[in-house]
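Visitor: First, the structure itself, so that you have it in front of you.
Bear in mind that the values in this text are calculations on the coordinates, not laboratory data. Not measured: the values here are computed from a predicted model. Here the Cβ is made from the backbone with ideal geometry for all residues, glycine too, and neighbour counts use every protein chain on show.
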Amino acid sequence: MLTFPRWKYFIVLVVTILAFLYAMPNIYPQDSSVQISSARGAPINAALETRVKNVVAAAGITPKSIEIVKDNVLVRLHNPDDQSVAADSLRSELGSDYVVALNLASNVPAWLTKIGARQMYLGLDLQGGVHFTMQVDQKAALDKRVEAMAEEVRNTLADKKIVPDSVDRTATNVITIKLRNPADVGPAQDALFLSQPTLQFNAEGTNLQMIIPEAETRRLAAEAIEQNVGTLRNRINALGVSEPVIQRQGDSRIVVQLPGVQDTAQAKRVLGATATLEWRATLDGDAVAAAESGNVPPNARVFYYKQRGPGGQQIPVLLSKRVIATGDQMVTASASTDPQSGTPSVNVKLNDAAGQRMFDFTSQNVGKNMAVVYVERIPEVQMVDGKEVHTTRISEEVISNATVNGVFGKEFITSGLGSMQEAQDLALLLRSGSLAAPMDFVEERVVGPSLGKQNVENGMKAISYSFGFALLFFLFYYRMFGIITVLSLLLNLLLLVAVMSLFGATLTLPGLAGIALTVGMSVDANVLINERIREELRDGLPPKAAIARGYERATGTIWDANVTAILAGIALFAFGTGPVKGFAVSMIVGIVTSMYTAVTVSRALATIVYGGNRKVKSVAI
């Protein structure tokens, strides 16, 4: 008989309410906005907010709102045309202390956000933005790692009191160690094998060779790319991009897509900058006089330290030419609080070689100052005679000048920072400030917001037409069951949007095509059910029995057809890239929701109309 358990009605009701709630954020349009974030620990406060308001007003722009949101100043605008004008004005006024980036700000109500409801992210083709393909210099990455291995060899031998004549590396990435005493060959090889177990060793007389196997070479190159991917992800966070795409492409390339970002120069500056840190001794002397006269001591260089706070001045500092350690030799860093002074600080751990140099320096310089210099190589692109000219500008800034309070080596605390936020920023720079290998921009594309808007409109138009034609057909051909089918299809579309929004899926143009396809596939399931009911009626079954038998016999066929399609979608997701994955995700989610609505929801509706104790003489199908 035609029955439907009450607990299933309850589940359908709950699913419908949840689908409505989690799809709701997509009806709130995003605001074109400009986001200002700190670049070097500069303060984000009410004074900066007032300063931003004055700059925006002077540019002749009336914003929707200007407010501080999560350590950023967010300027909401009425239209996209004001974005670039406001950004240019703010960038020239605020200088290098702050990162000014174009963005899209959410308008989703707070109560929806609290339950985890959020908007579906739009991909590059629907929202506009920039696309970069970056080539990693694998040779430079490997050279850097081999040099680090050679330094580790020297430290390991020194720990074992073994003095080599030389430790050199060859062009074929072989580290050759020339020992003075033949008796040292065995102990040296044993010690080095413990520190470098993945390398191959070859001893000839007093010479010891460490050969890097091909598999190890590939591993080192892969690690360099993965480190670069992590570094790029941290840098992109400063841009405030809602859903960036950062992924490897092949063996030596990284693809970066930044939806919503229209400022290509700003994106390239953040992504392509090769940064590192240096620890140098602070020397005594009149740095101001040396900077003004150019008469600098032979063992010193003039660097500049910027005072904290708005309008901070650049103060000259005399630092030693000799570098004690660099950020490339750092193992890890984390923000903390100095247990002695209670001020924000950064815990730093260096590798063995840098740790030994730091120990030697601090042993002789307790009570003196040591500075941390942030060195950034910034690629710049200028148009000269209609052609792009690529140059590199080196920026060196002292970000900390603290007193050495005691002797330390590999692990120490950099204190004297102004705030915990500044300490966290410094720790981030230490962890991810430098790239493992240089990268070149080999491809660059800009997708304008107008093109993205057109894609959205065309995609939604295609879905609306396909959906509309299906609804008209069902209403005309299946009558009452057409209405049931239409309601289940509407819930299917609502469920699809809710699920993709809940899991943070990125909607792309192929994704819209996948949604349009699932509309057609959900139509197929409902056609199977309706035609099966008609066949049972033609065979002479009573109306209620025909409806029940039609659902039961069509369900198996629907499962077989849709499971096969899901397997195809899984294959597309597993082996495809980029747009293919977007198509696969929307197709898989759409198929799952269409099976639920076609088999369960439509049967619940049919039972409400024809089930129960009512007598049914005929079915409008």
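Visitor: Whole number please: convex hull volume per residue, Cα atoms of the range 139-218, in Å³.
Guide: Considering the Cα atoms of the range 139-218, their hull volume per residue is 79 Å³.
Visitor: While we're looking at this one, here's another question. Taking +1 at the Cβ of each Lys and Arg and -1 at the Cβ of each Asp and Glu, which of ALA554, ILE394, PHE359 sits farthest along the dipole of the chain towards its positive end, judged by Cα position relative to the Cα centre?
Guide: After comparing all options, I get ALA554.
Visitor: Out of the range 498-570, which chymotrypsin sites (Phe, Trp or Tyr not before Pro) are coil in DSSP terms and have no more than 15 other C-beta atoms within 10 Å?
Guide: In loop regions of the range 498-570 (DSSP not H, G, I, E or B), the sparsely surrounded chymotrypsin sites (Phe, Trp or Tyr not before Pro) are PHE503.
Visitor: Have a look at the DSSP beta bridges in the chain and tell me what percent are antiparallel, nearest 5.
Guide: 95 percent
Visitor: Continuing with this model, one more query. Take the alpha carbon gyration tensor of the range 45-104, find the square roots of its eigenvalues, order them as a ≥ b ≥ c, and report rounded if a/c is under 1.5; if not, report prolate when a/b exceeds b/c, else oblate.
Guide: Note, shape of the range 45-104 comes out rounded.
Visitor: In addition: Normalise the Cα radius of gyration of the range 455-570 by 2.2 N^0.38 Å (N = residues in it) and let me know the number.
Guide: 1.19
Visitor: How large is the dipole of the chain about the Cα centre if only Lys and Arg carry +1 and Asp and Glu carry -1, each at its Cβ, rounded to the nearest 20 debye?
Guide: Result for the chain is approximately 2480 debye, rounded to the nearest 20.
Visitor: Now for a different question. To the nearest whole percent, what portion of all C-alpha pairs in the chain is separated by more than 49 angstrom?
Guide: The proportion of pairs with Cα distances above 49 Å equals 33 percent.
Visitor: For the chain, take the longest principal axis of its alpha carbons; what is the angle in degrees between that and the long axis of helix 449-478, to the nearest 10 within 0 to 90?
Guide: 20 degrees
Visitor: Based solely on C-alpha atoms, express the radius of gyration and the Dmax of the range 80-163 in angstrom.
Guide: That works out to 24.8, 69 Å for Rg and Dmax.
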